[in-house]
Amino acid sequence: MSRASLLLLSPTRDRALAVAFGTRLRTLRRQCFLTQEDLADRCRLSRTTIRRLEAGEVRPRVHTVTALATGLHVDAADLIPDPAQFWAEEKTP
């Protein structure tokens, strides 16, 4: 399954993807000993954008993922969560 197929997610899974992305972003930022403001400066983004991404409030655009990867010195793929976890069958009660 390709990461591009994530575009077909339901709203619930879409939100879960945004939260997972934010968690990965926060983890990588902290591993680099950067504040949100430091990362924002490196990426030429606002601190508010970094905060909203880390909180899973917004889904990043391609150019934002690229800027974040450059600022963190990682591959863009390192920021993208594994799509398999979002395609797992939803459990029914």
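The values are calculated or read from the model by the stated rules, or taken from the named source; none is laboratory data. These figures come from a predicted structure and were not determined experimentally. SASA here: full protein model, heavy atoms, side chains in, ligands and nucleic acids out. Shrake-Rupley method; radii C 1.70, N 1.55, O 1.52, S 1.80 Å.
Amide H to amide H, which residues 5 or more places from GLU57 or on other chains are under 5 Å from it, using H placed in the peptide plane?
It is none; the list stays empty.
With the full set of protein chains in place, find how many percent of the accessible area of segment 30-76 is carbon and sulfur; take the probe as 1.4 Å.
So the carbon and sulfur contribution to the accessible surface is 47 percent.
Could you report segment 33-85's accessible area per residue, 1.4 Å probe, as an integer in Å²?
Accessible area per residue: 61 Å².
Applying the Karplus parametrisation 6.51 cos²θ - 1.76 cosθ + 1.60 with θ = phi - 60° to the phi angles of segment 44-57, what ³J(HN,Hα) value in whole Hz is obtained for each residue in order, glycine and proline being reported as x?
3J(HN,Hα) across segment 44-57, in whole Hz: 6, 10, 7, 5, 4, 4, 4, 4, 5, 5, 5, 7, x, 7.
Along segment 67-75, what does the Karplus equation 6.51 cos²θ - 1.76 cosθ + 1.60 (θ = phi - 60°) give for ³J(HN,Hα), rounded to whole Hz, x for Gly and Pro?
So the J values, rounded to whole Hz, are 5, 5, 4, 5, x, 9, 6, 10, 6.
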